[in-house]
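K.L.:
A single structure is presented below for examination.
The values are calculated or read from the model by the stated rules, or taken from the named source; none is laboratory data. These numbers were taken from a predicted model, which means no experiment stands behind them. We place every Cβ from the backbone using ideal geometry, glycine too, and count neighbours over all the protein chains shown. Heavy atoms of the whole protein, side chains included, go into the accessibility calculation; ligands, DNA and RNA do not. Shrake-Rupley method; radii C 1.70, N 1.55, O 1.52, S 1.80 Å.
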Amino acid sequence: MADPQEVLAARVRAALAAAFGAEYADADPVIRPSAFADYQANVALPLAKQLGRPPREVAAEIAGHLEVADVCDTAEVSGPGFINFSLRRDWIAAEATALLGDPRLGVPAADPPDTVVVDYSGPNVAKELHAGHLRATVQGDAIARILEQLGYVVVRAAHLGDWGTQFGMLIEHTLDVGEETARKQLAAGEFTPFYQAARAEFDSDPEFADRARRRVPLLQSGDPESRRLWQVLVAGSMDYLMALYRRLDIKLTEATMAPESFYNSMLADVNAELERDGIAVISEGALCAFPPGFTGRDGAPIPLILRKSDGGYGYDTTDVAAIRYRLVDLHARRIIYVVGSEQSLHLQMVFAVAREAGWLTDGASAEHAVIGLMTGPGGKRLKTRTGEQVKLSELIDEAVERAGRVIADRYDDPAERDQIAEAVGVGALKYADLSVGRESSYVLDFDRMLALTGNTGPYLQYATARIRSIFRKAGLDPAQVDHALQLAEDPERALALAALKFGSAVAQAGRTAEPHVLAGFLFDVASTFTTFYELCPVLGAPTPELRDSRLALCALALRILTAGLGMLGIPVPERM
Ligand code: ARG
């Protein structure tokens, strides 16, 4: 445990128990960063109210029982009843030195290593990913990476929409244009023309419409030829999706993403189980679940439709089958649905049915990690000049192109420039999204995300590149540096202190599924590094010991920034 806030919390809890009795051993000591010291404990104020005593007196009593001499220079009562803590420099130095020798850099390891399913991105076959998919894609991937680094067994799922009545029409259209042509068109991401052409045939040609309708039950009942043609649509879309994911370094793969069709063979069983247990009932010819507590405006219960009156299955059914599979077969202890708020009701109902059915038990959790919107200027929906949705690929192209212009004058070699522009553009786009709380909405702003100062991807990338250049100049490998730290100047102390909080930042980001917590921490490390770099010469340090210590501090900052950016899925170029 390196995070000073946690160390102090434990000491204050011990003091509370010693002063007021064991029942206070779990009280929240309310430790906060302080403007006058490093930290302050505010617990005396609420506690005084509870005890009916003056807060300063309570604070003094806590302080009297505190044992912090090894950690703090001072622990003093101040103001109306705060306790201010100033950490010892040698304590920070020793903790930071230990961190440098720790391959996990203070990141705790889950015990036991539970299985966590992260369901994200929300793609569909034969539909492009548009700008609106950016948030659910990069946030979900970062959440998965963070949990993986915390030692959980992470299953990345996408619940790819590859099932439904529109496939009758799309299959017949595939037959008409030819399989090869269809596949190529989809792999190239030309979904809109493909879909529109199919739709036009459907609307204008009764014979086609008839074929399309008859195709649906054939496909759903497993007719081999229909499955084969459907597979052409899936494969073309998959080529397109995977190319986009590769470019964004999103670690979803076809093998793990568990499309809706994956659950096809389970749907009848799931429904039978729910019907047997009285959770699903026939209503107006359809099989429905009415989880308690979900009613419409008129007070009537809202159904999840598990089997339509025509015998077909839909989105509700596959989601119910998916949650059972994840809990009962994969033994997931936590499922995180990284999905927009418009699906909140649907997901809450799925969770409720899982609870009623006994699949979702007390030790496990299903969470909707709500995703806000990325919008155009004025909070309006992002649109092209012709009023269409902006494709995600176009958004990436523009970020990369603009990144190229920002950094152009630094590189003579065009290949190197393109490579760095790709990393900077993609990194800027992803980081701009990840640094905003996932429930919030924000306005797309290329100039701001590409700025080399402020809380941006390029700023963080640049900090790592600067550190690497110090090591290049010194002819040293930063991975080999492990000197003990001595913290001579305040900026060194500030940087080492910031570094100590890495583990708890990662743990918190994982606990709440909020990558922006980690982003904010990394920005803090990069900013304290920048101040240190400007004020404390490293290679030109006054003594050889201080030079070694400062190199070690640089190595620590580099390792934390690289590991942290890796958890966010931000590329880290070696040079910039
Ligand atoms: N494909 C879905 C859509 O486009 C999103 C899937 C979200 N995940 C889930 N388990 N429902 O809306």
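K.L.:
Which FRET efficiency, nearest 0.05, do Gln50 and Ala300 yield, Cβ-Cβ r, R0 41 Å?
P.N.:
0.35
K.L.:
Taking the chain as the reference, fit the longest principal axis to its C-alpha atoms, fit the long axis of helix 502-512 to the helix C-alpha atoms, and give the angle between the two in degrees, 0 to 90, nearest 10.
P.N.:
Orientation of helix 502-512: about 30 degrees from the principal axis.
K.L.:
May I pose another question? Taking all protein chains as present, what is the carbon and sulfur share of the accessible area of the chain, in % to the nearest whole number, probe 1.4 Å?
P.N.:
For the chain, the apolar C and S fraction of the accessible surface comes to 51 percent.
K.L.:
Are there GluC sites (Glu not before Pro) in segment 371-419 that DSSP marks as loop and that have at most 15 other Cβ atoms within 10 Å, and which are they? Can you show the working numbers first?
P.N.:
On the way: sites: Glu388, Glu394, Glu398, Glu401, Glu416; in loops: Glu388.
Those that pass, being in a loop and sparsely packed, are Glu388.
K.L.:
Quick one: how many Å² of His516 are accessible to a 1.4 Å probe, rounded to 10?
P.N.:
It works out to around 60 Å².
K.L.:
Could you work out the relative contact order of segment 252-352, using alpha carbon pairs under 8 angstrom and six or more residues apart, expressed as a whole percent?
P.N.:
23
K.L.:
Further question on the same structure: Less than 15 Å apart at the alpha-carbon level, and either on another chain or at least 8 residues along: which aspartates and glutamates does that give for Lys383?
P.N.:
Counting by Cα, and skipping residues close in sequence, Lys383 has these aspartates and glutamates nearby: Glu128, Glu394, Glu398, Asp445.
K.L.:
Additional query: Given Cα positions, please report Rg to Rh for segment 345-397, the hydrodynamic radius being the Kirkwood one.
P.N.:
1.27
K.L.:
When the scattering of segment 36-181 is computed by the Debye formula from its Cα atoms alone, each counted once and equally, what is log10 I(q)/I(0) at q = 0.16 Å⁻¹?
P.N.:
The Debye formula, applied to the Cα set alone, gives -0.97.
K.L.:
Using only alpha carbon pairs under 8 Å that are at least six residues apart, calculate the relative contact order of the chain and give it in whole percent.
P.N.:
It rounds to 16 percent for the chain.
K.L.:
Taking the Cα centroid of segment 362-388 and of segment 495-557, what is the distance between the two, rounded to the nearest whole Å?
P.N.:
So the separation of the two Cα centres works out to 32 Å.
K.L.:
With +1 on the Cβ of every Lys and Arg and -1 on the Cβ of every Asp and Glu, and nothing else charged, how large is the dipole of segment 280-361 about its Cα centre, in debye rounded to the nearest 20?
P.N.:
Values: 8 positive and 8 negative charges, 68 e Å.
That gives segment 280-361 a dipole magnitude of about 320 debye.
K.L.:
At 1.4 Å probe radius, can you tell me the per residue accessible area of segment 166-283 in Å²? Don't skip to the end; give the middle numbers.
P.N.:
On the way: 5610 Å² over 118 residues.
Here the residues of segment 166-283 average 48 Å² of exposed surface.
K.L.:
I've got another one for you. Which entries in Lys251/Lys308; Lys251/Lys391; Lys380/Lys501; Lys251/Lys473; Lys184/Lys380; Lys184/Lys391 show an alpha-carbon gap greater than 28 Å? Display every interim value, and only then the final one.
P.N.:
Details: Lys251/Lys308 35 Å; Lys251/Lys391 20 Å; Lys380/Lys501 38 Å; Lys251/Lys473 35 Å; Lys184/Lys380 34 Å; Lys184/Lys391 18 Å.
Check vs 28 Å cut-off fails for Lys251/Lys308; Lys380/Lys501; Lys251/Lys473; Lys184/Lys380.
K.L.:
Right, another one. What residues qualify as long-range amide H neighbours of Val443, i.e. H under 5 Å apart, gap of 5 or more or another chain, H built at 1.01 Å from N?
P.N.:
Under 5 Å from the amide H of Val443 lie the amide H atoms of Thr375, each far enough along the sequence or on another chain.
K.L.:
More than 31 Å apart: what percent of Cα pairs in the chain qualify? Display every interim value, and only then the final one.
P.N.:
Numbers: 98260 of 165600 pairs.
Result for the distance tail: 59 percent.
K.L.:
In nanometres, what is the gap between the two model label sites at Thr361 and Glu190, each 7 Å from Cα along Cα-to-Cβ?
P.N.:
Using points 7 Å along Cα→Cβ, the separation is 5.4 nm.
K.L.:
Here's something else I'd like to know. Please list, in order along segment 37-47, the HN-Hα scalar couplings obtained from phi with the Karplus expression 6.51 cos²θ - 1.76 cosθ + 1.60 (θ = phi - 60°), rounded to whole Hz, x for Gly and Pro.
P.N.:
Computed from phi, the couplings for segment 37-47 are 9, 7, 9, 9, 10, 9, 4, 4, 5, x, 5 Hz.
K.L.:
So what's the back-of-envelope 222 nm ellipticity for the chain, counting only DSSP H runs of four-plus at -39500 (n - 2.57) apiece and dividing by all residues, rounded to 500?
P.N.:
Counting only the DSSP helices, I get -17000 deg cm²/dmol.
K.L.:
I'd like to check one number: the per residue accessible area of segment 509-564, probe 1.4 Å, reported in Å² as a whole number.
P.N.:
34
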